[in-house]
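Input: a single structure, listed below in structure tokens.
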Amino acid sequence: YMVSRPLIRRLGHWNGVLASLGVFIILVAAVQAGMPDINEVPTDFPAAVLWRFREAALGMQIVLWATIGLLFGPLASRVLTAAADKPFARNG
């Protein structure tokens, strides 16, 4: 944000946003390159067990976000429809 404001003023909105995005990507890549590698999996750990864990974790993420999305849609629709029916309701 601190970089984008001066770049937007100098280069225009679209070019300033793209330039600040490029600065962000360069900074993140530089920090990532400077971080040490961490290998948390022992060398004798079975690859099949690790792969099954990753599959299960991905499946749990799919179920979690699908459930949240499928429940949030109807609830949000209900709230938005109720708000559209009485747009200027006041308390008291």
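Where a number appears in this text, it was derived from the coordinates with a stated rule and is not lab data. If you're wondering where the values come from, they're calculated on a predicted model, not measured in any experiment. Virtual Cβ from ideal backbone geometry, glycine too; neighbours counted across all protein chains shown.
Miscellaneous remarks
- The stretch between residue 10 and residue 60 holds 13.4 nm of extra length on full extension. This uses 0.36 nm per residue minus the Cα-Cα distance.
- Value at 222 nm in deg cm²/dmol, rounded to 500, when DSSP H runs of n ≥ 4 in the chain each add -39,500 (n - 2.57): -26500 deg cm²/dmol
- Ranking 27, 76, 49 by Cα position along the charge dipole of the chain, where only Lys, Arg, Asp and Glu carry charges on their C-beta atoms, puts 76 farthest toward the positive end.
- Charged-residue dipole, Cβ positions (Lys, Arg, Asp, Glu), the chain about Cα centre, Debye nearest 20: 720
- Karplus-derived 3J(HN,Hα), 6.51/-1.76/1.60, for each residue of segment 79-86, Hz, glycine and proline x: 5, 5, 5, 5, 5, 6, 5, 10
- Projected label distance in nm at residue 18 and residue 30, using a 7 Å step from Cα toward the beta-carbon: 2.2
- Ranked by the mean number of other Cβ atoms within 10 Å per residue, highest first, peptides 4-16, 28-40 order as 4-16, 28-40.
- The distance between label points at residue 85 and residue 67 comes to 3.0 nm (points 7 Å beyond Cα on the Cα→Cβ vector).
- In order along segment 8-15, phi translates into HN-Hα couplings of 5, 5, 7, 9, x, 5, 5, 5 Hz, rounded to whole numbers, per the Karplus curve 6.51 cos²θ - 1.76 cosθ + 1.60 with θ = phi - 60° and x for Gly and Pro.
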